[in-house]
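A short worksheet on the structure shown next.
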Amino acid sequence: MIGFFDSGFGGLTVLKSVVNLLPEYDYLYLGDNARVPYGNRSQNIVYEFTRQAVDFLFKQGCPLVIIACNTASSRALRRIQQEFLPEAYPDRRVLGVIRPAAEAIAERSCRKIGILATEGVITSGIYIEEFKDLDPSIEVFQQACPLLVPIIEAGEKDWEGTDLIISKYLGELFDQDGEIDTILLACTHYPILHENFERQVPLGAAVLDQGPIVAKKLKDYLTRYPALDKKLTKKGKRLFLTTDASEKFDHLARVFYGKPIYSQLISLESF
Ligand code: DGL
């Protein structure tokens, strides 16, 4: 199976796009809902939680794990690829969501990009680094949105306060530069509020989700690595795991994933 990991529900927005594009594969989703949010936690804690989750998914037999979380991708992916994999699982692969998003944006004609993300992602400066590497002429503006993940995890998309908070964050972003032409929702939770953002961005600015981008990049990746692709089972199975009460997960997960979900409760404590 292809393993998918997020701190909570957010990765389901990515999984949904991936399943649409690559329906034949089997997927195992793990949400660490008991410990969400990761966005304001220290680098070492995010690394340790992410390593546990990746280890768990490998022990379930996943040859490939997608870290469908920007916070975990920015805080833990490099170390997992450079230290944990070579030592513990040299034949497995772990991919994140940041590089694919930056590559896809660099391929578009945008010049001024606004990154909306958790505090952890913004502090890491990883998007600035990626764009400097891919196309230094792209100007990057960043805005942390620490209140959004708790609002989304609480299922408060339609609360009027949500739009007020979005308006504050967009205001702070556009105060940095009024000509930002592309906004990346660089947190896999935020697509749940896509329409709330669309309603408020200045005319002409595009709002991008990572799901469709990651799906397309994953498809390309699997074509380039046929040996890995061969190891992935293709029976159209989907399994969902959570570290918090599974009935609560099923209820909200349906909103993120767009279809009914029946999850199982697991613990990452021994990993
Ligand atoms: N979904 C995660 C991301 O893409 C963030 C959620 C969290 O703060 O735990 O960054």
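The values are calculated or read from the model by the stated rules, or taken from the named source; none is laboratory data. Note that the structure is a prediction, hence the values are computed from the model and not measured. All Cβ positions, even for glycine, are placed from backbone atoms using ideal geometry, and neighbour counts span all protein chains on display.
Observations
- Matching residues in region 73-94 - criterion: being under 15 Å from Gln52 (Cα atoms) and within 15 Å of the ligand (Cβ to nearest atom): Ser73, Arg75, Ala76, Leu77
- Filtered residues of region 123-147 (kept if within 21 Å of Leu193 (Cβ to Cβ) and either more than 14 Å from the chain's Cα centre (by Cα) or basic (Lys, Arg) (or both)): Phe141, Gln142, Gln143, Ala144, Cys145, Pro146, Leu147
- Condition check for Arg254: closer than 18 Å to Val19 by Cβ and of a type outside the set (Ser, Thr, Tyr): yes
- Matching residues, region 203-212, being in a helix (DSSP H, G or I) and within 13 Å of the ligand (Cβ to nearest atom): Gly211
- Residue satisfying all of: in region 134-169; free of Cβ contacts under 8 Å to residues at least 12 places away in the same chain and among the charged types (D, E, K, R); farthest from Gln200 (Cα to Cα) among these: Glu156
- Those helices (runs of 4 or more DSSP H) lying entirely in region 116-202 with at least 2 residues modelled with pLDDT of 95 or more, away from the ligand (no atom under 16 Å from the Cβ) and in contact with an Asp or Glu (Cβ under 8 Å, 6 or more places away or on another chain): 194-200
- Beta carbons closer than 7 Å, at least 6 apart along the sequence or on distinct chains, pair a first residue in region 177-205 that is closer than 16 Å to Ser167 by Cα with a second that is of a type in the set (Gly, Ala, Ser) and part of a loop (DSSP other than H, G, I, E, B) for Ile180/Ala205; Ile183/Ala205.
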